[in-house]
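K.L.:
One structure coming up, written as structure tokens, with questions to follow.
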Amino acid sequence: MTDHRTEPIRPLWTDADLDRALDALHADDAGERLGTARATLDDALAHQGVPMLTPSRQHDGTPPRPIRTRRWVSAAIAAGVAVVAAAAVAFTGPFGQHHPSQHKRAAVPDKTTVATVPGGSTMRAAATKTVQFGDPKLGPGQYLYVKDISSEVYVYAPDHYTLAWRRTTQTEKWVPYDQSGTWVQHFGQIGSIKWLVGTKEQIAKHGAQARKGFGDPPAWTEAACGDFYHVYSGGTPRCVQGNEVRKQPNTELLKQVPQDPKKYLAWAANGKPVHAADVEQQVMQTSAMLLSSGVIPAKLRGTIYRALAMLPNLKVTERVANLAGRRGTALGLDAYGDREEIIIDPDTGQYIGMRITALSDSDVPAGTVRDLDAMTVSVVDKPRQRP
């Protein structure tokens, strides 16, 4: 019986690999022109440096170590839509909820190491630019169109076997000019999932059950004030009561968020001292959740950036590509062996995506890009219309 843990570690998906995979993608056509570049990117993601089985390589015996997703909480997941169905399923959650296994493989070189600098001056410059650039020009009757494409890795790990797969999904959101009106959301999968860990027999027997454990929102959903959570749970949408601004921000809820950077920092930290590592992560997570909604006005984005500039351990990496190949400035923190980053356009201050990269060898080798996404915001004249 073969021990797959002794197989040679395949090349990591490094920044250089990502550059080659993304060069063919146009910066403004995320999700629309995947073509050859998506095939290349799929191959790069499918060989993330851990011994793993694909449908074309059937083996028996103990499956290799799982790949665990580290994606930041999206509005749907935070609202409880995508949940783990059984307690036996192993799922690594967002921002520091991961604790590395005690049984680590031998360390491998960190091939994604890049020069970083303290983030304060960069964030202050981004704050100035985002306010100067302003918001999309949205008129009465029009809709803000927010599109997010993400590539994530999921793990299902009962005691006697492990399955892991990667899938790319797209979430579209139509936000009315008057945000107390009806919002529309569309969720769908792009392409097929790619199995990364598991034998052919295990996938055939348990694959459907494993995937069912990570529930998806409906394909189409409508909700007043963007309160999709209460719609999913069969309730009545509400603009404020019973909603959390961090998860489902709208114009009314955003009135709760301080506009002063120091007050915002205290609010995001729940009043705790920011010098603590876990509090820094909490501030970054809250900021990422707000920014990734696509509905944060320029003035508040400026406040968030100026507040992040006060984080003592914030790091900046230039020319980082999001999933669509659009390059920006990555702002991140190192936590639990990973660097967890938001990516902003340095010219406009707009949030354009996120990236999570393993810095140390744990449940994936150092240098592995765990998760990546891309977000775009534009204006359309009616719901379900695409630019």
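The values are calculated or read from the model by the stated rules, or taken from the named source; none is laboratory data. Just so you know, these numbers come straight off a predicted model, no measurement behind them. With ideal geometry, Cβ positions are generated from the backbone for all residues, glycine too; neighbour counts draw on all protein chains shown.
K.L.:
Which numbered condition trips up Ile193, out of (1) surrounded by fewer than 20 Cβ atoms within 10 Å (Cβ to Cβ); (2) in contact (Cβ under 8 Å) with a residue 60 or more places away in the chain?
P.N.:
The number of the failed condition is (2).
K.L.:
Please pick out the residue among Ala321, Ala298 that is in contact with a helix residue (DSSP H, G or I) (Cβ under 8 Å, 6 or more places away or on another chain) and under 30 Å from Pro176 (Cβ atoms).
P.N.:
Every option except Ala298 fails the conditions.
K.L.:
Working only within segment 219-238, note down all residues that are outside any strand (DSSP E or B) and without any contact (Cβ under 8 Å) to a residue 60 or more places away in the chain.
P.N.:
Ala219, Cys225, Asp227, His230, Val231, Gly234, Gly235, Thr236, Pro237, Arg238 - these are the residues of segment 219-238 that are outside any strand (DSSP E or B) and without any contact (Cβ under 8 Å) to a residue 60 or more places away in the chain.
A quick yes/no check of all residues on (1) under 15 Å from Lys129 (Cβ atoms); (2) touching a Pro at 6+ places or on another chain (Cβ under 8 Å); (3) among the aliphatic types (A, V, I, L, M); (4) touching a residue at least 24 places away in the same chain (Cβ under 8 Å):
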| site | (1), (2), (3), (4) |
| --- | --- |
| Ala330 | no, no, yes, yes |
| Arg339 | no, no, no, yes |
| Ile343 | yes, no, yes, no |
| Gln350 | yes, no, no, yes |
| Arg355 | no, no, no, yes |
| Ser360 | no, yes, no, yes |
| Ala366 | no, yes, yes, yes |
| Val369 | no, no, yes, yes |
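K.L.:
In addition: Which members of segment 364-387 meet the condition of being among the polar types (S, T, N, Q) and surrounded by fewer than 20 Cβ atoms within 10 Å (Cβ to Cβ)?
P.N.:
Correct list: Ser378, Gln385.
K.L.:
Sort out which residues of segment 331-347 are farther than 20 Å from Val279 by Cα and among the hydrophobic types (A, V, I, L, M, F, W, C), and write them in order of number.
P.N.:
Scanning segment 331-347 gives Ile343, Ile344.
K.L.:
Would you tally the residues in segment 183-198 being out of contact with any Gly (no Cβ under 8 Å at 6 or more places or on another chain) and over 21 Å from Tyr145 (Cβ atoms)?
P.N.:
Residues meeting the conditions: 6.
K.L.:
For Gly328, which of the numbered conditions (1) in a strand (DSSP E or B); (2) within 15 Å of the chain's Cα centre (by Cα); (3) within 30 Å of Pro176 (Cα to Cα) fails to hold?
P.N.:
For Gly328, the exception is condition (2).
K.L.:
Being outside any helix (DSSP H, G or I) and either within 20 Å of Lys173 (Cβ to Cβ) or of a type in the set (D, E, K, R) (or both) is the filter here; which residues of segment 203-218 pass it?
P.N.:
Gly215, Asp216, Pro217, Pro218
K.L.:
Just one of the numbered conditions (1) in a loop (DSSP other than H, G, I, E, B); (2) free of Cβ contacts under 8 Å to residues at least 40 places away in the same chain; (3) more than 21 Å from Asp334 (Cα to Cα) is not true of Lys272; which one?
P.N.:
Lys272 satisfies all of (1) in a loop (DSSP other than H, G, I, E, B); (2) free of Cβ contacts under 8 Å to residues at least 40 places away in the same chain; (3) more than 21 Å from Asp334 (Cα to Cα) except (3).
K.L.:
Ok, one more. Quick one: how many residues across segment 142-167 are in a strand (DSSP E or B) and either in contact with a Leu (Cβ under 8 Å, 6 or more places away or on another chain) or among the charged types (D, E, K, R) (or both)?
P.N.:
Residues meeting the conditions: 14.
K.L.:
Continuing with the same structure: Assess whether Lys299 counts as being in a helix (DSSP H, G or I), more than 21 Å from the chain's Cα centre (by Cα), basic (Lys, Arg) and modelled with pLDDT of 90 or more.
P.N.:
So Lys299 passes the test.
K.L.:
On the given criteria, is Glu341 over 16 Å from the mean Cα position of the chain (by Cα) and in a strand (DSSP E or B)?
P.N.:
no
K.L.:
Oh, and also: Just give me the residues in segment 344-372 being out of contact with any Asp or Glu (no Cβ under 6 Å at 6 or more places or on another chain), of a type outside the set (A, V, I, L, M, F, W, C) and assigned to a strand (DSSP E or B), in sequence order.
P.N.:
Passing the criteria: Tyr351, Thr357, Arg370.
K.L.:
Could you give every pair whose Cβ atoms fall below 6 Å, whose first residue belongs to segment 168-182 and is farther than 22 Å from Ser151 by Cα, and whose second residue is among the small types (Gly, Ala, Ser), counting only separations of at least 6 or pairs across chains?
P.N.:
That search, which allows pairs on different chains as well, returns Thr182/Ala224.
K.L.:
From the set of residues in segment 341-363 that are at pLDDT below 90 and of a type in the set (Ser, Thr, Tyr), which is surrounded by the most Cβ atoms within 10 Å (Cβ to Cβ)?
P.N.:
Thr357
K.L.:
Which of the numbered conditions does Ala115 fail, given that it passes all the others? Conditions: (1) of a type in the set (A, V, I, L, M); (2) modelled with pLDDT of 95 or more; (3) not in a helix (DSSP H, G or I).
P.N.:
The one condition Ala115 does not meet is (2).
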